[in-house]
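Have a look at the structure below, then the notes.
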Amino acid sequence: PDGEQLFSVQFSPELYGGAVVVALVFGLLAGTVPARRAAGLDPAQAIRT
């Protein structure tokens, strides 16, 4: 609070938009990859293991 400012931080709509896009892409990949892998399994075998 009373120290000198080392650098300034500025937020812009592009920054927020980019962060949202990156989060959506990684979220979709993190959900889709395991779901596609599980979709190829035999349900009875998947429950047993």
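The values are calculated or read from the model by the stated rules, or taken from the named source; none is laboratory data. As the structure is a prediction and not an experimental result, all values here were calculated from the model. FYI the Cβ positions are ideal-geometry reconstructions off the backbone, even for glycines, and counts take in every protein chain you see.
Test each condition in (1) modelled with pLDDT of 85 or more; (2) outside any helix (DSSP H, G or I); (3) loosely packed, with under 10 Cβ neighbours inside 10 Å for LEU41 and report the one that comes out false.
Result: LEU41 fails condition (3) only.
With among the aromatic types (Phe, Trp, Tyr), without any contact (Cβ under 8 Å) to a residue 24 or more places away in the chain and in a helix (DSSP H, G or I) as the only criterion, which of PHE11, PHE26 stands out?
Matching residue, one of PHE11, PHE26: PHE26.
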